[in-house]
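For reference, the structure is listed below as structure tokens.
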Amino acid sequence: MLNNEFCQVLLLEIKRHQNDLESLRECLIRFKNKGIDKDSMYESLEKLRSSSDSETEDILLELMDFVGGYCNPNLSIF
């Protein structure tokens, strides 16, 4: 259930903040604090990515880097 909420909220946030990765990263952190684990978050992002347009896919790939740790260690979420 949390994964469905995560997907719905994140898509809305992407529409609102397409050019603001920091705001989108904060959204990921909020869901981490609600209890979504790394694997579930990553799988949800991958699911969203498979059904998105190219612009949204690029944003999702950036967010996946934050979740997977392929970023500056200070920006990693888990």
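Answer yes or no: is there a residue in segment 41-52 that is open to solvent by 70 Å² or more (accessible area, probe 1.4 Å) and among the small types (G, A, S).
Looking through segment 41-52, at least one residue is open to solvent by 70 Å² or more (accessible area, probe 1.4 Å) and among the small types (G, A, S).
Which pairs have Cβ atoms under 7 Å, sit 6 or more apart or on different chains, and link a residue in segment 57-71 that is of a type in the set (D, E, K, R) to one that is in a loop (DSSP other than H, G, I, E, B)?
Listed pairs, sorted by first residue: D65/C71.
So which of R25, R30 is assigned to a helix (DSSP H, G or I), open to solvent by less than 30 Å² (accessible area, probe 1.4 Å) and among the charged types (D, E, K, R)?
Answer to the check: R25.
The values are calculated or read from the model by the stated rules, or taken from the named source; none is laboratory data. The structure displayed is predicted, hence computed values, not measured ones. Cβ atoms come from the backbone with ideal geometry, glycine included; neighbour counts cover every protein chain shown. Surface accessibility is based on the protein's heavy atoms, side chains included, excluding ligands, DNA and RNA. Shrake-Rupley method; radii C 1.70, N 1.55, O 1.52, S 1.80 Å.
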